[in-house]
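Asker: Have a look at this one.
The values are calculated or read from the model by the stated rules, or taken from the named source; none is laboratory data. Keep in mind that what you see is a predicted model, and the values were worked out from it rather than measured. Using ideal geometry, Cβ is built from the backbone for each residue, glycine included, and neighbour counts are taken over all protein chains shown.
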Amino acid sequence: MMPISLTDEQAFTALRGFLLDVLPDGAEVVQGQDNRVPMPTAPVFVVMTALTRQQMAQTTHDYRPADNQEDVARSTGLMFQIDVYGDGAADNAQIITTLLRDAWGGAFLKPSGLAPLYCEDPTQMPLLTGEQQYLARWTIKCALHASVAITVPAQFADSLVTTLQEVK
């Protein structure tokens, strides 16, 4: 397997760290689309779901002759859906979108190699629970940018031996 510079797990971890930092104490933040896992029981919780990976530019190549390796990188937009549930869901969605659209969010995510690209306005999407009760839910779509590189083996020549051949 070829090593990749930013894994799916690393992207989710960075986004989760941002969300935990801006949400009220005790909020739960989980990754979506897990089978046989009940919804969190905290009064405030967020579910993050990956939606798409979009190529933003052509690939670039970084050659490393000393290591006999080459990094093939692609500017990538990582789209996520963030579902904010529970008490104060609208306010929490406002906090998330405001700070992801601000330099504060960019500074927070920078150490992870991610940067906010854009964040759509929150949309109310109420959820009917198994007990036939409405649960407040606000949905946000946001895109983060990353330069994702894959390291591949490469061969390089550092010297050239030539000989003259007479042509008749």
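Asker: Residues to consider are Thr76, Thr97, Thr52; find the one that is touching a Cys at 6+ places or on another chain (Cβ under 6 Å) and within 15 Å of Ala143 (Cβ to Cβ).
Answerer: Thr97
Asker: Are any residues in region 1-49 exposed (fewer than 12 other Cβ atoms within 10 Å of the Cβ), β-branched (Val, Ile, Thr) and more than 16 Å from the chain's Cα centre (by Cα), and if so, which ones?
Answerer: Val37, Thr41
Asker: Output the residue which, of all residues in region 99-110 that are touching a residue at least 60 places away in the same chain (Cβ under 8 Å) and within 26 Å of Ala57 (Cβ to Cβ), is surrounded by the most Cβ atoms within 10 Å (Cβ to Cβ).
Answerer: The residue in question is Leu100.
Asker: What pairs can you find where one residue is in region 77-88 and surrounded by fewer than 18 Cβ atoms within 10 Å (Cβ to Cβ) and of a type in the set (S, T, N, Q), the other is modelled with pLDDT of 95 or more and part of a strand (DSSP E or B), and their Cβ atoms are less than 6 Å apart, with a gap of 6+ or different chains?
Answerer: Between residues of region 77-88 that are surrounded by fewer than 18 Cβ atoms within 10 Å (Cβ to Cβ) and of a type in the set (S, T, N, Q) and residues that are modelled with pLDDT of 95 or more and part of a strand (DSSP E or B), the close pairs are Gln81/Thr49; Gln81/Leu51; Gln81/Lys141.
Asker: May I ask you to list pairs of residues, at least six apart or on different chains, whose Cβ atoms are under 9 Å apart, with the first in region 21-35 being more than 18 Å from Gln10 (Cα to Cα) and the second being of a type in the set (Asp, Glu)?
Answerer: Pro24/Asp87
Asker: Considering only region 127-168, state which residues are within 29 Å of Asp102 (Cβ to Cβ) and either exposed (fewer than 12 other Cβ atoms within 10 Å of the Cβ) or under 20 Å from the mean Cα position of the chain (by Cα) (or both).
Answerer: Within region 127-168, Trp138, Thr139, Ile140, Lys141, Cys142, Ala143, Leu144, His145, Ala146, Ser147, Val148, Ala149 qualify.
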